[in-house]
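The values are calculated or read from the model by the stated rules, or taken from the named source; none is laboratory data. All figures in this text were calculated on a predicted structure; none of them were measured in a lab. No Cβ is skipped: glycine too gets one built from the backbone with ideal geometry, and neighbour counts run over all protein chains shown. We work out accessible area using only protein heavy atoms, side chains counted, and drop any ligands, DNA or RNA first. Shrake-Rupley method; radii C 1.70, N 1.55, O 1.52, S 1.80 Å.
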Amino acid sequence: MNERRSDVLIVGGGGAGCSAALHLAQRGARVTLLERGLVGSQATGVNYGGVRQQGRHPAELPIARRARALWGRLAALVGSDCEFEVTGHLKLARSEVEEAELVAYLDVAKAHDLPLRMIGRNAIHREYPWLGPVVVAGSLAPDDGAANPRLLAPALARAASILGADILENREVTTLAHDGTGFVVTAGHETFAAPVLLNTAGFWGGKVAAAFGELVPVAPMSPIMLVTEPLPWFIAPNLGVVGGNVYLRQIRRGNVIFGGGRGENDPVTARSRVLPEPALRSMHLAIELVPALADAQVIRSWTGIDGAMPDGIPVIGASTTTPGLLHAFGFSGHGFQLGPAIGAILAELVLDGHTDVPLEPFRIDRFAATIDANKGDNA
Amino acid sequence: MTVAVVGAGPAGTRAAEVLVQAGLRPVVIDEAPDNGGRIYQRPPAGFRRSDGDLYGTEAHKAQALHRRFDQLRGAIDLRASTLVWDVRPQQLLTLRDGRSETIGFEQAILCTGAMDRVIPLPGWTLPGVYTLGGAQVALKTQGCAIGQAVAFLGTGPLLWLVAYQYAKAGARVAAVLDTTDFATKAWRTGGLLRGGRTFLNGLRYVGWLRWRGVRIVEGVVPEAIEGDGEVTGLRYRTRHGTHHIACDAVGIGWGLKPETQLADLAGVSFAFDPVQRGWLPVRNEAGRTDIRGIYLAGDGVRIGGADVAELAGARVAWAVVEDRGLPVDHAAVARLDRALQRQAKFRQALDRAFPYPHRLAAGMADDTILCRCEAITAGAMRAAATAEVNRTKALTRIGMGRCQGRVCGPAAAEVLAAALGCPVEQVGRLRGQPPVKPIPMRTAAAG
Ligand SMILES: Cc1cc2nc3c(=O)[nH]c(=O)nc-3n(C[C@H](O)[C@H](O)[C@H](O)COP(=O)(O)OP(=O)(O)OC[C@H]3O[C@@H](n4cnc5c(N)ncnc54)[C@H](O)[C@@H]3O)c2cc1C
Ligand SMILES: Cc1cc2nc3c(=O)[nH]c(=O)nc-3n(C[C@H](O)[C@H](O)[C@H](O)COP(=O)(O)OP(=O)(O)OC[C@H]3O[C@@H](n4cnc5c(N)ncnc54)[C@H](O)[C@@H]3O)c2cc1C
């Protein structure tokens with residue numbers, strides 16, 4: 001059989017897979033990336049575009065810090081800044097309890113050198129006079145920002161292929177196996193082989209892992225996104241809230257992009273769809289945050305599919321069943337910002353055998369016990 | 001559960017009529033304040049022009065349709081000024097007076113009609129440039145012309161009709177510029193043999209405009225609408241060189257395109273129609289689709305004109321009646337099927353007589369604003385051309401603005417296909433997302 005051989009095979013061309021292709025190619029590895037559709041056509045290409053460190057799970061912060069550094073150098077790295085802009089991320093509290101949560105996070109941020117500034121009730125309405133009266137306090141992460149999600153994966157993929165990586169689109173991987181010496185993967189009529197396999201298949205990473213006997217409780221999630229017609233520009237920072245039921249930013253062209261609630265999806269066809277009730281609710285919550293939006297018009301809504309883990313943090317690291325297999329998937333609705341660093345970390349794991357970022361919390365087998373228990377229940 | 005009819009134009013009205021006849025009480029929804037649809041749109045209350053003035057040779061049809069609708073009012077649940085902004089399985093999401101309401105249905109007949117198809121050209125975003133339909137609406141609902149000296153540019157029946165209506169209403173028509181070669185002759189060769197009324201009317205309009213001394217030029221290549229802040233003229237090319245005419249307003253249009261967004265959101269399959277050069281929702285002769293409970297009729301499926309819309313509306317309603325297990329008037333259905341077949345022949349002749357000048361779209365200059373909502377040029381699209389229209393949209397923002405590509409979509413597909421050197425159907429079609437038209441942020445959920 002005619003096999004195409006390389007050093008590393010990557011399944012899935014989202015932010016994680018494309019950045020892995022780039023970092024590996026930079027270090028001279030022969031890389032083949034297989035993407036079912038076009039690169040960045042799933043979560044990485046349709047998300048909100050938040051490049052946010054503030055509020056992340058402490059375990060994610062080291063990766064987020066590293067990713068933020070890469071975002072700052074993106075133009076040099078891939079030839080495009082992907083419209084990344086350091087707008088600051090302002091996380092808002094709408095009650096005393098929420099304010100306490102913001103204060104509590106200050107310590108977490110400090111431990112990871114993440115600059116944060118708490119803004120109290122009076123100051124917040126002075127600094128941001130367009131905020132609604134529901135807001136009682138805020139916490140500003142000046143280094144955070146936003147970017148254009150549609151540009152990231154294509155830019156990473158282009159840079160990787162310039163360095164020699166094979167980026168193959170419209171290749172759906174249908175069978176995966178390890179024949180004792182290496183991985184053999186088929187996509188349509190083609191067969192690919194390599195000693196190392198990276199599973200960066202997003203939500204579908206669960207399926208890839210299952211092919212190697214690793215069961216992961218990853219569920220499809222579809223955050224709802226909406227966008228207004230262009231309005232005069234006035235909202236500088238990317239806005240979030242404690243609890244995350246609404247988030248909102250205005251791009252320079254004037255459109256306000258906001259999100260909240262969940263849509264529905266069909267992972268088999270990879271289609272997802274906004275649901276009307278939560279979409280209307282997001283509109284309402286957005287107006288509560290920024291009352292001036294009440295007169296705007298919503299021109300479009302959309303969603304996508306990401307993999308959600310029960311604890312809200314991804315699977316990153318080595319397989320527990322198959323040597324040479326590495327996973328990075330299940331980013332649970334906040335992996336866009338992490339993408340550029342995920343590739344760097346995977347490249348280190350492949351080429352150096354280790355990385356400085358602590359990956360213990362992301363182990364693939366951390367739910368093994370519960371899965372086995374559930375299986376028992378069902379049987 | 002009920003039957004819902006979206007659109008109260010010719011198709012929707014005839015559908016409602018049959019449903020009522022079969023003993024049903026359909027919900028009829030239209031975004032407009034009253035029935036009539038595009039061609040037989042009712043003027044606002046208090047507006048005084050005779051039906052003859054408003055609807056011309058079609059006045060008797062307009063009157064018949066309006067009369068029928070008025071008789072139906074008590075037997076239907078009419079929701080006027082109500083936009084359907086999304087379709088869910090067995091549910092329509094409607095917006096009226098700032099409130100969103102969910103209307104459940106067992107069957108929904110979508111009769112959403114059509115809009116103008118335009119080909120962007122330099123200057124088309126100037127104030128004073130309207131679509132032919134927009135120009136006609138100004139005349140029909142406000143009784144005013146779009147300018148003092150109006151040039152009409154494009155091709156197809158509507159071009160000649162609107163120019164005629166303007167001249168007839170006393171407006172000065174600076175020129176009728178048809179991008180089809182031998183356009184006036186097409187009226188004769190195309191359909192007279194088959195006796196299509198549309199063709200007879202077309203001939204009349206051409207003759208009348210000629211007689212009035214209106215400048216008529218065929219086979220033009222438009223170069224630019226000129227003006228600085230407002231329209232002052234129009235430049236075009238013919239075999240004989242470049243020409244210029246002075247005007248202060250321009251009506252443009254190259255035929256119509258179906259409003260297919262609701263069918264798309266409902267999940268109906270689409271297929272490329274090589275004659276009308278567009279992706280159209282698939283339905284069978286009766287109007288059934290591959291989605292349970294979704295039926296289609298009229299110009300919202302495929303441009304066929306008002307007479308076809310009336311027939312198709314009645315026909316699809318019988319399909320609904322049948323699918324609900326109610327008695328069907330088979331003789332009526334057979335009559336409708338025969339009439340629809342006859343009409344299909346005229347329509348083919350018309351489509352052939354006035355083909356969409358896709359090369360004109362494909363060849364537009366690089367600095368032409370292709371997507372006016374987002375101000376993206378044809379050149380920007382060519383530079384970012386990728387094998388698929390949604391990907392190119394993602395990279396350039398083309399079709400991401402207020403109109404969601406309803407205006408620029410067909411021309412953008414031609415530009416992209418030409419840039420890639422592939423057939424236009426290969427670049428795919430822009431995917432629809434709710435809301436089908438902008439809805440206010442303060443829309444409140446109700447019921
Ligand atoms: C609507 C929405 C809003 C979001 N907002 C934000 C945000 O503001 N900030 C943030 O940080 N994160 C956000 N996220 C999350 C973020 O987008 C994702 O976590 C991240 O993009 C995941 O990247 P990925 O590479 O793991 O997955 P994807 O981008 O989904 O890439 C996986 C790829 O694998 C391919 N694939 C799957 N199976 C196969 C197969 N068998 N063969 C070949 N290829 C295969 C898929 O086609 C896909 O392209 C959001 C997500 C969504 C959906
Ligand atoms: C601008 C324009 C001008 C035209 N002028 C002429 C002419 O002068 N002479 C001629 O012979 N033909 C003309 N036509 C063609 C003619 O309109 C059609 O052939 C005929 O009206 C088709 O009937 P219909 O019932 O399919 O659709 P329409 O008559 O277009 O009716 C569709 C109805 O659906 C409603 N609708 C659509 N979407 C929604 C939604 N999401 N929610 C709620 N309501 C909705 C619309 O408001 C409209 O009332 C014109 C077409 C257009 C677009």
For region B:118-254, dividing by residue count, accessible area per residue (probe 1.4 Å) in Å² works out to 41
Contact order relative to length for chain B, counting C-alpha pairs under 8 Å separated by 6 or more residues, stands in percent at 19
Mean shadow area (nm²) of the C-alpha convex hull around region B:1-70 is 4.9
Taking a straight Cα-to-Cα line shorter than 27 Å from B:Lys257, and setting aside same-chain lysines fewer than 8 residues away, one finds B:Lys61, B:Lys140, B:Lys168, B:Lys185, B:Lys345, B:Lys393, B:Lys437
Volume per residue (Å³) of the convex hull spanned by the alpha carbons of the protein assembly as shown is 196
Across A:296-304, the residue-averaged tally of Cβ atoms belonging to other chains within 10 Å stands at 6
With the convex hull built on the alpha-carbon atoms of chain A, volume per residue in Å³ sits at 143
Compactness summary of region B:118-254: radius of gyration and Dmax from Cα atoms, Å, are 14.2, 47
Averaging 1/r across every pair of distinct alpha carbons in region A:31-101 and inverting yields a Kirkwood hydrodynamic radius, in angstrom, of 15.0
Residues meeting the amide H criterion for A:Ile167 (H placed from the backbone, H to H distance under 5 Å, 5 or more places apart or on another chain) are A:Leu33
Measuring from the longest principal axis of the C-alpha atoms of chain A, the long axis of helix A:339-351 (C-alpha) lies at a number of degrees, nearest 10, equal to 30
Ranked output for segments A:200-213, B:22-35 by mean other Cβ atoms within 10 Å, highest leading, reads A:200-213, B:22-35
The FRET efficiency for B:Leu200 and B:Phe270, from their Cβ-Cβ distance with R0 = 25 Å and rounded to 0.05, is 0.15
Highest mean packing first, using Cβ neighbours within 10 angstrom, the peptides A:284-297, A:306-319 sort as A:306-319, A:284-297
With the 8 Å Cα cutoff and a minimum separation of six or more residues, region B:358-427 has a relative contact order in percent of 35
Among B:Thr368, B:Thr57, B:Thr232, the residue with the largest mean-square fluctuation in a Gaussian network model of chain B built from Cα contacts under 10 Å is B:Thr57
Using alpha carbon centers only, region A:267-346 is separated from region B:32-64 by a whole-angstrom value of 50
The answer for the per residue Cα convex hull volume of region B:358-427, in Å³, is 68
Hydrodynamic radius by Kirkwood for region A:222-350, inverse mean 1/r across distinct Cα pairs, in Å, is 16.6
Which of B:Phe69, B:Phe270, B:Phe152 fluctuates most in a GNM of chain B (C-alpha springs under 10 Å)? That residue is B:Phe270
Partner shielding of B:425-435, taken as the mean number of other chain Cβ atoms within 10 Å, equals 3
Bridge orientation stat for region B:118-254 from DSSP, antiparallel percent rounded to 5, came to 40
Note: B:20-31 gets an average of partner chain Cβ contacts (10 Å, Cβ to Cβ) equal to 0
Taking protein heavy atoms only, a 1.4 Å probe, and rounding to whole percent, the accessible area of region B:358-427 owed to carbon and sulfur comes out at 52
Rounded to the nearest 100 Å², the accessible area buried between A and B, both sides, probe 1.4 Å, is 2800
Comparing A:Leu231, A:Leu114, A:Leu346 in a Gaussian network model of chain A (Cα, 10 Å), the one with the largest mean-square fluctuation is A:Leu231
